[in-house]
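Engineer: Dropping a structure here in C-alpha cells format, bear with me for questions.
Read-outs: derived from the displayed coordinates by stated rules, not from any lab. Nothing here was measured: the structure is a model prediction, and the numbers come from that model. Methodologically, a virtual Cβ is constructed for each residue, glycine included, from the backbone with ideal geometry; neighbour enumeration extends over all protein chains shown.
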Amino acid sequence: MHSKVKMLPVIMLNDVSRSYGVKESKVEALKNVNLEVFSGEFLALCGPSGSGKSTLLNILAGIDKPNSGTVILFRKLLNQLQEKELAAIRSHYLGFIFQSFNLIPVLNAFDNVYYPLILNGHISKSEAKERAAHYLSSVGLADMGYRKPGQLSGGQQQRVAIARALAHKPQLIVADEPTGNLDQVTGESIIELLVDINRRNGTTLVISTHSLQLKARAQRVVEICDGEMTYDSAQ
Ligand SMILES: Nc1ncnc2c1ncn2[C@@H]1O[C@H](COP(=O)(O)OP(=O)(O)OP(=O)(O)O)[C@@H](O)[C@H]1O
Ligand SMILES: [Mg+2]
C-alpha cells in the first residue's frame with residue numbers, strides 16, 4: 001500500500017467504553033478500545049457472539065455513542081456532533097450494512113436501493129436507476145427487484161442491504177456479518193465483490209464476521225473478546 005495513504009486514519013477510537021443497563025444487569029460491551037483504521041484497509045473484526053462487534057461498528061459509524069472515549073471519523077470528532085451532523089457524515093462517507101438488514105418493508109428490493117440514492121441528492125434519477133440495477137445484479141438479484149423484503153429470504157434481504165450500501169460508492173464500508181445469512185457459494189461471491197471494491201476503488205472495509213473465508217481474505221484481522229481487543233494483526 002502507498003505509504004502516504006496509510007498515514008491517514010479514517011477511523012480513530014480512543015479509549016472507547018460502552019455499557020448497557022445498570023447495576024446487576026450492567027453489561028460492559030466495550031472496554032477501553034483503541035483502534036485506528038487507515039484509508040484503503042480491509043479489516044476483519046472477529047470474536048465470539050456477544051463479544052462486542054456490533055457495538056463497536058455502531059460506535060465507529062456514529063450510530064451509537066460511547067459512554068467514554070473519543071471517536072474520530074474522517075477527521076471529525078463525533079462525540080460533540082448532533083444527530084443531523086452525524087447523519088450528514090454517514091451519508092457522505094459511509095455505507096453501513098446492518099446485521100439485521102434494516103430494509104424498508106413497504107418498498108421493493110429495487111426501490112430499497114434506488115430511493116436512498118435519490119434522497120442523498122447527489123445523482124440524477126437515471127444514474128440512480130442504473131446503479132440500483134447494476135448493484136442488485138452484482139449481488140445476484142437482477143430478477144428480484146420487484147419483490148418486497150417480506151417476499152425475500154434472509155440471505156436475499158442481506159444482499160439487497162449490501163447492494164444498497166455499495167450503490168452509494170462510499171469511501172468506507174462498515175458491514176456487520178454481511179455473509180452471516182448466506183450459503184457458502186453466495187457468501188464467497190459477496191466476499192469477492194467486497195475484495196474487488198477494496199482493490200479497485202481503495203474503499204476502506206471494516207467487516208465483522210465469523211467467516212473463516214472472509215477472515216482469510218482480509219488484510220488485517222482484529223479480535224475482540226468480552227469487549228476487549230485481544231489481537232490486532234497490524235500490531
Ligand atoms: N441494547 C442492548 N441492551 C443490553 N445489552 C446489549 C444491547 N446490545 C448489546 N448488548 C450486550 O452487549 C454485548 C455485546 O453485544 P454485541 O451485539 O456488540 O455482540 P456481537 O459481538 O455483535 O455478537 P454477535 O456475533 O452475536 O452479533 C452482549 O453481551 C450483548 O448482550
Ligand atoms: Mg453482532
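Engineer: Which residues among the stretch 58-98 fall inside the zone where the amide N is under 11 Å from a point 7 Å beyond the Cα of Asp15, along Cα→Cβ?
Structural biologist: 68-70
Engineer: Across the Cα atoms of the chain, what radius of gyration and what greatest pairwise Cα-Cα distance (Dmax) are found, in Å?
Structural biologist: 17.4, 55
Engineer: If eta is 0.890 mPa s and T is 25 °C, what Stokes-Einstein diffusion coefficient results for the stretch 48-167, Kirkwood Rh from Cα pairs, in µm²/s? Mind dumping the intermediate values first?
Structural biologist: Numbers: Rh = 15.5 Å.
After rounding, the answer is 158 µm²/s.
Engineer: Exposed loop trypsin sites (Lys or Arg not before Pro) only (DSSP loop, at most 10 other Cβ atoms within 10 Å): please give the longest stretch of the chain free of them, not including the sites. Present the calculation step by step, with values, prior to reporting the outcome.
Structural biologist: Numbers: sites that count: Lys26, Arg75.
Between exposed loop sites, the widest span is 76-235.
Engineer: Name the residues whose placed amide hydrogens come within less than 5 Å of the amide hydrogen of Ile224, ignoring near sequence neighbours (fewer than 5 apart) on the same chain.
Structural biologist: Cys46, Gly47, Thr230
Engineer: Take a quick pass over the chain and tell me how many lysine pairs come in under 22 angstrom between Cα atoms, counting only ones 8 or more apart or on separate chains.
Structural biologist: Going through the chain pair by pair, I get 21.
Engineer: Please identify, among Gly202, Gly150, Gly180, the residue showing maximal mean-square fluctuation in a Gaussian network model of the chain using a 10 angstrom Cα cutoff.
Structural biologist: Comparing Gly202, Gly150, Gly180 in a Gaussian network model of the chain, the most mobile one is Gly150.
Engineer: Could you tell me the center-to-center distance, by alpha carbons, between the stretch 157-176 and the stretch 52-94 in angstrom?
Structural biologist: That distance is 17 Å.
Engineer: Can you list residues whose amide H is under 5 Å from Ser68's amide H, if they're 5+ apart or on another chain and H is modeled 1.01 Å from N?
Structural biologist: Distant-sequence amide H within range of Ser68: Ser17.
Engineer: In nm, to one decimal, how far is the modelled label at Leu107 from the one at Lys129, with both set 7 Å along Cα→Cβ?
Structural biologist: Here the answer is 1.7 nm between the modelled labels.
Engineer: Here is a further query. Please arrange Cys225, Cys46 by counting, for each residue, the other beta carbons lying within 10 Å of its beta carbon, fewest first. Provide the component values of the computation, followed by the final result.
Structural biologist: Working: Cys225 14, Cys46 22.
Lowest to highest Cβ neighbour count: Cys225, Cys46.
Engineer: Then there's this: To test your reading of the geometry: what angle, between 0 and 90 degrees and rounded to tens, separates the Cα axis of helix 109-120 from the longest principal axis of the chain?
Structural biologist: Helix 109-120 sits at roughly 70 degrees to that axis.
Engineer: While we're here: Check Ile97: other-chain or 5+ apart residues with amide H under 5 Å from its amide H, H built from backbone geometry?
Structural biologist: Answer set, sorted by chain and number: Val174, Ala175, Asp176.
Engineer: Let me ask you something else. Counting alpha carbon pairs within less than 8 Å and at least 6 residues apart, what relative contact order, in whole percent, applies to the chain?
Structural biologist: Working: 443 pairs, mean separation 64.9, N = 235.
Relative contact order comes out at 28 percent.
Engineer: Another one. Net charge around Pro48, counting only other residues with Cβ within less than 11 Å of its Cβ (Lys, Arg = +1; Asp, Glu = -1)? Show your work: numbers first, answer last.
Structural biologist: On the way: positive: Lys53; negative: Glu223, Asp226.
Once all neighbours under 11 Å are counted, the net charge is -1.
Engineer: So what is the calculated 222 nm ellipticity per residue for the chain, using -39500 (n - 2.57) for each DSSP H run with n of 4 or more, over all residues, to the nearest 500 deg cm²/dmol? Present the calculation step by step, with values, prior to reporting the outcome.
Structural biologist: Numbers: 8 runs with 87 residues, N = 235.
For the chain, the value works out to -11000 deg cm²/dmol.
Engineer: Right, here's the next one. For Asn201 and Ser25 in one chain, what is 0.36 nm times their gap in residues minus the Cα-Cα distance, to one decimal in nm? Write down the numbers at each step before the final one.
Structural biologist: Values: separation 176, 0.36 × 176 = 63.36 nm, distance 4.43 nm.
Full extension from Asn201 to Ser25 adds 58.9 nm.
Engineer: Taking every DSSP beta bridge with both residues inside the chain, roughly what % is antiparallel (nearest 5)?
Structural biologist: Values: 19 of 36 bridges.
Around 55 percent antiparallel, to the nearest 5.
Engineer: So how do Thr230, Thr209 line up by other beta-carbon neighbours within 10 Å, fewest first? Let's see the in-between values first.
Structural biologist: On the way: Thr230 12, Thr209 23.
Ordered from fewest to most neighbouring Cβ atoms within 10 Å, Thr230, Thr209 come out as Thr230, Thr209.
Engineer: Let me ask something additional. HN-Hα J couplings of the stretch 221-229 from phi, Karplus 6.51/-1.76/1.60, θ = phi - 60°, integer Hz, Gly and Pro as x?
Structural biologist: Once rounded to whole Hz, the list reads 10, 10, 10, 10, 9, 6, x, 10, 6.
Engineer: Moving on. For the stretch 186-198, what does the Karplus curve 6.51 cos²θ - 1.76 cosθ + 1.60, with θ = phi - 60°, yield as ³J(HN,Hα) per residue in whole Hz, taken in order and with x for Gly and Pro?
Structural biologist: Those phi angles translate into 5, x, 5, 5, 5, 4, 4, 4, 5, 4, 4, 5, 4 Hz.
Engineer: Tell me, what ³J(HN,Hα) does each residue in the stretch 212-220 have, in order and in whole Hz, if you take phi through Karplus 6.51 cos²θ - 1.76 cosθ + 1.60 with θ = phi - 60° and put x for Gly and Pro?
Structural biologist: Using θ = phi - 60°, the values come out as 5, 5, 5, 4, 5, 7, 6, 8, 9 Hz.
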